[in-house]
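Here is the structure we will look at, set down as structure tokens.
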Amino acid sequence: MRVLLVEDHEELALTVAAGLRREGMAVDVVFDGRAALERTAANDYDVVVLDRDLPEVHGDEVCRALAGGGSRVRVIMLTAAGAVSDKVSGLGIGADDYLAKPFAFAELVARVRALGRRSAPALPPVLEHEGLRLDPGLRIATRDGRRLALSPKEFAVLELLLAARGAVVSTEQLLERGWDEFADPFTQTVKVTVSRLRRKLGDPPLIETVPQAGYRI
């Protein structure tokens, strides 16, 4: 899942982003509304975590632009304005969810994941293929009953490949969906991650390399 976090309190933004990355999400961070509009125009995000009282462009205007632009991205407002009237108005301008500060981090993670599922084509809660079983909600992957010790990036790549249901997923797509803005598109990051994932999955091999196209399961 790729997430854009828009929060003008830099320390809070970096703390939340670090926590979401530990949960296996690819997270970009901006600190004002104008930058948020630029990023969402350039990148395909699943979820935008949006503060409301932002400099440059107010969070309400960012939300309206996203809701009215035909994007599939889901928006959760994360703001100190927690009165019922604030929630009603936030949802009324196009937000998909609303969470008031202070908040429990586990609840934020659960809400972001729920919105991410809504932004993508419907998939079963557990992805399975020839003895391979992946539960994105519990962050558990097994093969033939054997628990797989996967890193967040390995888990993300495996989830993307299983979700493709046999279609080829390009290196660029894996990089776009599984890594954040700091990933270097000219490195061998994806190739190395897939190689490690293959070793952990064991035999018989499940991940096929499609020359000049990408990978598939």
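The values are calculated or read from the model by the stated rules, or taken from the named source; none is laboratory data. Since the structure is predicted, the reported quantities are computational estimates derived from the model, not experimental observations. Glycine also receives a Cβ, built like all others from the backbone with ideal geometry; neighbour counts cover every protein chain displayed. Ligands, DNA and RNA are stripped out before the accessible areas are found, and what is left, the full protein with its side chains, is counted by its heavy atoms. Shrake-Rupley method; radii C 1.70, N 1.55, O 1.52, S 1.80 Å.
Could you please state, rounded to a whole Å, how far the C-alpha centre of the range 140-217 is from the C-alpha centre of the range 1-55?
Cα centroid to Cα centroid, the span is 24 Å.
How high is the relative contact order of the chain, given as a whole-number percent (alpha carbon pairs under 8 Å, six or more residues apart)?
Relative contact order for the chain comes out at 17 percent.
Tell me, what is the 1.4 Å probe accessible area of S71, in Å² to the nearest 10?
Accessible area of S71: about 60 Å².
Aspartates and glutamates within cross-link reach of K200: Cα-Cα under 12 Å, excluding same-chain residues under 8 positions apart?
Output for K200: E154.
Calculate, for the chain, the solvent-accessible area per residue in square angstrom, rolling a 1.4 angstrom probe over the heavy atoms of the protein chains.
Per residue, the chain has an accessible area of 50 Å².
Among (i) 1.03; (ii) 1.06; (iii) 1.00, only one was calculated for this model; which label is it, if the read-out is Rg/Rh (Cα atoms, Kirkwood Rh)?
So the calculated entry is the one marked (iii).
Mind grabbing the accessible area of R111 for me, 1.4 Å probe, Å², rounded to tens?
Ignoring ligands and nucleic acids, R111 comes out at about 70 Å².
Using the charge dipole of the chain (Lys, Arg: +1 at Cβ; Asp, Glu: -1 at Cβ; taken about the Cα centre), state which of A95, V84, L161 has its Cα farthest towards the positive end.
Most positive-ward Cα: L161.
Please state, as a whole number in µm²/s, the translational diffusion coefficient that the Stokes-Einstein equation yields for the range 137-215 at 10 °C and 1.306 mPa s, with Rh defined as the Kirkwood radius across alpha carbon pairs.
121
Under unit Cβ charges (Lys, Arg +1; Asp, Glu -1), what dipole magnitude, rounded to 20 debye, does the chain have relative to its Cα centre?
1100
What span do the alpha-carbon atoms of the range 1-64 cover on each of the three principal axes, reported in whole Å from largest to smallest?
Principal extents (Cα only, largest first): 30, 25, 14 Å.
In a Gaussian network model over the chain where Cα atoms closer than 10 Å are linked, find which of A83, A149, A167 has the largest mean-square fluctuation.
A83
Once you sort the root eigenvalues of the Cα gyration tensor of the range 47-154 as a ≥ b ≥ c, which label holds: rounded (a/c under 1.5), prolate (a/b larger than b/c) or oblate (the other case)?
The shape class here is prolate.
Per-residue ellipticity at 222 nm for the chain, helices alone: DSSP H runs ≥ 4 residues times -39500 (n - 2.57), over residue total, nearest 500 deg cm²/dmol?
Taking each H run of at least 4 residues, the total per residue is -12500 deg cm²/dmol.
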